[in-house]
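K.L.:
So that we are looking at the same thing, I have put the structure below in structure tokens.
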Amino acid sequence: MTEPSVETLPLHHVAIIMDGNGRWASSRGRPRVFGHRKGVESLREAVKVAGELGVKQLTVFSFSTENWRRPAEEVEALFELLRRFVAADLDRLVEEGVRVKVIGRSEDLSPDLIKIIENAEERTLHNTEFKLVLAFNYGGRDEIVRAARRACRDRDGDLSDLTEADFARYLDTTDMPDPDLVIRTSGEHRVSNFLLWQAAYAEFVFTDVLWPDFGEADMKAALEEYARRKRRYGGING
């Protein structure tokens, strides 16, 4: 029997916990923000490679609700990286048919960041070649709480007939497929509050590679590992 491969296995949505920027920089005697800047280069490469391998959507964990606990200068540096990424890459993403979507809590962000996000989403709204989702100021538990509040408001507090499908429509990811695969770099083996609802049946691949070093070969290796998995969704087939 032929082993499944990346080329033959449908893989619609890959999510990545981009971890290890700070450690990568520290190991080189550089400030943590240097690692974050290098991590943006890895993100550009990941978008390119994922698209070439037939992935339709890439969701990346770029700033979590817990990251506010970091030093203020590092938080501001991460915000500045988002500004620079959009400024440097948006025209190219528009031309290449990439749709950009940002999920997470917007209330805590500055007006200029909100404007940048809205502009990126608006300019790429009708692109269909590839979807890039940035989880920014995002936390899985926070998303579920916000979704529950919206459901309560819409239903006047009566959730007695609320189904899983109904609830999913209140999540930030309402128009997206659940991830097939979640990749985490840097050797950590936890989900860190990322896509808690959506990743219920995702496959996970953990790699020791630090995110700034994560390249084409690493992406292909993760997708090939996914291709070898048998997905049963609670059943016994296969």
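The values are calculated or read from the model by the stated rules, or taken from the named source; none is laboratory data. This one's a predicted model, so the numbers in the text were calculated from it and none came from an experiment. Neighbour counts are summed over all protein chains in view; Cβ atoms, including those assigned to glycine, are modelled from backbone coordinates with ideal geometry.
K.L.:
Taking residue 148, is it small (Gly, Ala, Ser) and over 19 Å from residue 15 (Cα atoms)?
P.N.:
Numbers: small (Gly, Ala, Ser): yes; over 19 Å from residue 15 (Cα atoms): yes.
Considered against the rule, which asks whether it is small (Gly, Ala, Ser) and over 19 Å from residue 15 (Cα atoms), residue 148 comes out as yes.
K.L.:
With (1) in a loop (DSSP other than H, G, I, E, B); (2) surrounded by 13 or more Cβ atoms within 10 Å (Cβ to Cβ); (3) hydroxyl-bearing (Ser, Thr, Tyr) as the list, and residue 226 as the residue in question, which single condition is left unmet?
P.N.:
Unmet for residue 226, out of (1) in a loop (DSSP other than H, G, I, E, B); (2) surrounded by 13 or more Cβ atoms within 10 Å (Cβ to Cβ); (3) hydroxyl-bearing (Ser, Thr, Tyr): (1).
K.L.:
Further, regarding this structure: Would you please name the residue that is nearest to residue 195 (Cα to Cα), looking only at residues in the range 6-59 that are touching a strand residue (DSSP E or B) at 6+ places or on another chain (Cβ under 7 Å) and assigned to a loop (DSSP other than H, G, I, E, B)? Don't jump to the end; show me each part of the working.
P.N.:
As a first pass, look at the range 6-59 and keep what is touching a strand residue (DSSP E or B) at 6+ places or on another chain (Cβ under 7 Å): 11-19, 43, 46-47, 50-51, 55-59.
Now restrict to residues that are assigned to a loop (DSSP other than H, G, I, E, B): 11-12, 18-19, 55-56.
Working: 11: 17, 12: 16, 18: 14, 19: 15, 55: 18, 56: 18 Å.
If we take residues in the range 6-59 being touching a strand residue (DSSP E or B) at 6+ places or on another chain (Cβ under 7 Å) and assigned to a loop (DSSP other than H, G, I, E, B), then 18 is nearest to residue 195 (Cα to Cα).
K.L.:
Right, something else. Which of the residues spanning the range 48-64 are at pLDDT 95 or above and aliphatic (A, V, I, L, M)?
P.N.:
Within the range 48-64, 49, 50, 55, 58, 60 meet the criteria.
K.L.:
Give the range 97-119 a look and list any residue that's under 15 Å from residue 64 (Cβ atoms) and assigned to a loop (DSSP other than H, G, I, E, B), or say none. Give the derivation first.
P.N.:
Of the range 97-119, the ones under 15 Å from residue 64 (Cβ atoms) are 102-106, 108-109.
Result: 104, 105, 106, 108, 109.
K.L.:
If a residue must be over 16 Å from the mean Cα position of the chain (by Cα) and farther than 15 Å from residue 209 by Cα, how many such residues does the range 29-63 contain?
P.N.:
Of the range 29-63, the ones over 16 Å from the mean Cα position of the chain (by Cα) are 29-35, 37-38, 52-54.
With the extra rule that they be farther than 15 Å from residue 209 by Cα, the set shrinks to 29-34, 37, 52-54.
Qualifying residue count, the range 29-63: 10.
K.L.:
In addition: May I ask you to list pairs of residues, at least six apart or on different chains, whose Cβ atoms are under 8 Å apart, with the first in the range 138-166 being more than 19 Å from residue 63 (Cα to Cα) and touching a residue at least 24 places away in the same chain (Cβ under 8 Å) and the second being part of a helix (DSSP H, G or I) and among the aromatic types (Phe, Trp, Tyr)?
P.N.:
The qualifying pairs are 147/167.
K.L.:
Shifting gears a bit: Go through 66, 80 for me and flag whichever is more than 16 Å from residue 211 (Cβ to Cβ) and without any contact (Cβ under 8 Å) to a residue 24 or more places away in the chain. Walk me through how you get there before you give the answer.
P.N.:
Working: 66 fails: without any contact (Cβ under 8 Å) to a residue 24 or more places away in the chain.
Being more than 16 Å from residue 211 (Cβ to Cβ) and without any contact (Cβ under 8 Å) to a residue 24 or more places away in the chain holds for just one of 66, 80, which is 80.
K.L.:
Scan 184, 155, 150, 146 and give me the residue that is over 18 Å from the mean Cα position of the chain (by Cα), under 19 Å from residue 133 (Cα atoms) and not aromatic (Phe, Trp, Tyr). Give the derivation first.
P.N.:
Working: 184 fails: over 18 Å from the mean Cα position of the chain (by Cα); 155 fails: under 19 Å from residue 133 (Cα atoms); 150 fails: under 19 Å from residue 133 (Cα atoms).
Checking each option against the conditions leaves just 146.
K.L.:
Could you please give the count of residues in the range 120-166 that are of a type in the set (A, V, I, L, M, F, W, C), outside any helix (DSSP H, G or I) and surrounded by fewer than 17 Cβ atoms within 10 Å (Cβ to Cβ)? Break it down stepwise before answering.
P.N.:
Kept after step one, since they are of a type in the set (A, V, I, L, M, F, W, C), are these residues of the range 120-166: 120, 125, 130, 132-136, 144-145, 147-148, 151-152, 159, 162, 165.
Next cut, outside any helix (DSSP H, G or I) only: 125, 130, 132-136, 159, 162.
Retained after the next criterion (residues that are surrounded by fewer than 17 Cβ atoms within 10 Å (Cβ to Cβ)): 125, 159, 162.
Residues meeting the conditions: 3.
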